[in-house]
1. Within the chain, what's the longest stretch lacking trypsin sites (Lys or Arg not before Pro) that sit in DSSP loops with no more than 14 other Cβ atoms inside 10 Å?
2. For K75 and E108, FRET efficiency with R0 = 25 Å and r from the beta-carbon atoms, rounded to 0.05?
3. Binning at 10 Å from 0, report for the chain what percent of all alpha-carbon pair distances ends up in each bin.
4. Which length gain, in nm to one decimal place, applies between L47 and V2 when the Cα-Cα distance is subtracted from 0.36 nm times their residue separation?
5. Tell me the accessible surface of D72 in square angstrom (1.4 angstrom probe, heavy atoms of protein chains only), to the nearest ten.
6. Using only the heavy atoms of the protein chains and a 1.4 Å probe, how would Y93, Y110 rank by accessible area, largest first?
7. Name the lysines eligible as straight-distance cross-link partners of K86: C-alpha to C-alpha under 27 Å, and not fewer than 8 places from it in the same chain.
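The values are calculated or read from the model by the stated rules, or taken from the named source; none is laboratory data. Just so we're clear, the structure is a prediction, and the values are computed from it rather than from any experiment. With ideal geometry, Cβ positions are generated from the backbone for all residues, glycine too; neighbour counts draw on all protein chains shown. The area values use the complete protein model at the heavy-atom level, side chains included, leaving out ligands, DNA and RNA. Shrake-Rupley method; radii C 1.70, N 1.55, O 1.52, S 1.80 Å.
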Amino acid sequence: QVHVVESGGGLVQPGGSLRLSCAASGSILSIYRMAWHRQAPGKQRELVAAITSGGSTDYADSVKGRFTISRDSAKNTVYLQMNSLKPEDTAVYSCNARIQTARLLPLEDYWGQGTQVTVSS
């Protein structure tokens, strides 16, 4: 069993900041990649930011320069620091972890339940 739990969402004014956290726990041999996705009402889910076990990062163009993804490998935790937030950042943010649970088994994707981020005055 693997559990992925997000925290840190909420309501913030435009221009403000929030930090999201995502922790993976359970039967984990290794984590290849952790990523944040978001889905706004009426829109498709999109990748926001990702970080691999080697530390490589990837960002959506819309958040480059404003959002920073980081990780604490010892805690199987990833963070998303969101600065200069805009109303269009409003969405449910979900964490994805690509995990190997045992030797010889393939990587599998695990998802958290999501956390709401609302940017509004």
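1. My reading of the result: 1-42 is the longest stretch.
2. Rounded to the nearest 0.05, the efficiency is 0.75.
3. Each 10 Å bin holds this share of Cα pairs: 14, 47, 29, 9, 1, 0.
4. The L47-V2 span can extend by a further 14.1 nm.
5. Only protein atoms counted, so the area is about 50 Å².
6. Y110, Y93
7. Reachable lysines: K43, K64.
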